[in-house]
1. If I build a Gaussian network model for the chain, linking alpha-carbon pairs within less than 10 angstrom, which residue out of Arg22, Arg71, Arg131 has the largest mean-square fluctuation?
2. Please tell me the relative contact order of segment 4-79 in percent, rounded to the nearest whole number, where contacts are Cα pairs under 8 Å and at least six residues apart.
3. In µm²/s, what is D for segment 51-128 at 37 °C and 0.692 mPa s, where D = kT/(6 pi eta Rh) by Stokes-Einstein and Rh is the Kirkwood radius from Cα pairs?
4. With the chain treated as a Gaussian network of Cα nodes joined by springs under 10 Å, which of Ala101, Ala182, Ala138 yields the largest mean-square fluctuation?
5. Taking square-rooted eigenvalues a ≥ b ≥ c of the alpha carbon gyration tensor, is segment 26-170 rounded, prolate or oblate, where a/c under 1.5 means rounded and, failing that, a/b exceeding b/c means prolate?
6. Treating only the Cβ of Lys, Arg, Asp and Glu as charged (+1, +1, -1, -1), what charge dipole size does the chain show about its Cα centre? Round to the nearest 20 debye.
7. Ignoring ligands, DNA and RNA, what percent of the 1.4 Å accessible area of the chain is carbon and sulfur?
8. With the other protein chains left in place, how much accessible area per residue, in square angstrom, belongs to segment 107-255 at a 1.4 angstrom probe?
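The values are calculated or read from the model by the stated rules, or taken from the named source; none is laboratory data. In this text, all values refer to a predicted model and were calculated from it rather than measured experimentally. Neighbour counts are summed over all protein chains in view; Cβ atoms, including those assigned to glycine, are modelled from backbone coordinates with ideal geometry. The area values use the complete protein model at the heavy-atom level, side chains included, leaving out ligands, DNA and RNA. Shrake-Rupley method; radii C 1.70, N 1.55, O 1.52, S 1.80 Å.
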Amino acid sequence: MRVVVTRPAAEAARWVGEMQARGFDAFALPLIVIAPAPDLSTLHAAWRRIADYAAVMFVSGNAVTQFFAQRPADAPAFRAKAWAPGPATALALAEAGVDTALIAAPGEDAPQFDSEALWQRVATQLQPGQRVLIVRGAGGDGQGAGRDWLAGQIEAAGCAVDYVLAYARTAPSWTGAQGDLASRASADGSVWLFSSSESIANLPRLDWSAARAIATHPRIAQAARDLGFGVVCESRPTVEAIVRALESIDDARAP
């Protein structure tokens, strides 16, 4: 079975290795490119104010990596609670040197790794009047991208929310060979792995009715269906869960 890994290049390389180690013919075709933050001065200013925040929520592992990579020399120590929507982001925080006692994330057995599951873990950590920083990426327009559901919950709890952009996400500029590969993979039985609705939006406009996909969240799965994927299965975003989904996808049929 051919497996198309669509994560950004650095993450895709790890996932391709995991899939190949389990016997799948996996290859990377990134649908999102991670670029430097659009305004490093704002990012540096957020670092210098880090002591003002009771908690810092990182939307992804890329948010963690880029945020800590741009830490200015005169920034205070990071002692805020660090919130992660899933285990990959929590691992990135630990690798960045954050004290594991400060890291909060949904449990490994959570049905989904998202803001809703995270809020169930951290809602009691806040007191009215505190501030929370949300570290996220910018979309192709340079503006902050992502859902604001968690910010709404934080504000409803009587706290203030600030945002900072740690990186930018852009659409890939494929070579002709990559475009041909995508075209073939839309019709040859390959299974596409999606971890972002934005990545689906960056796909070329092809006939996807014969294509199959595994998505790591219901919203992502719906985006794949809306684009026309014939078979879409949902999975938790862990290697083991993805492997189980790949092993069972042949039993799925297009509606």
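1. It is Arg22.
2. Contact order relative to length: 28 percent.
3. 256 µm²/s
4. Ala101
5. Rounded, since a/c falls under 1.5.
6. The dipole magnitude comes to about 240 debye.
7. 50 percent
8. 48 Å²
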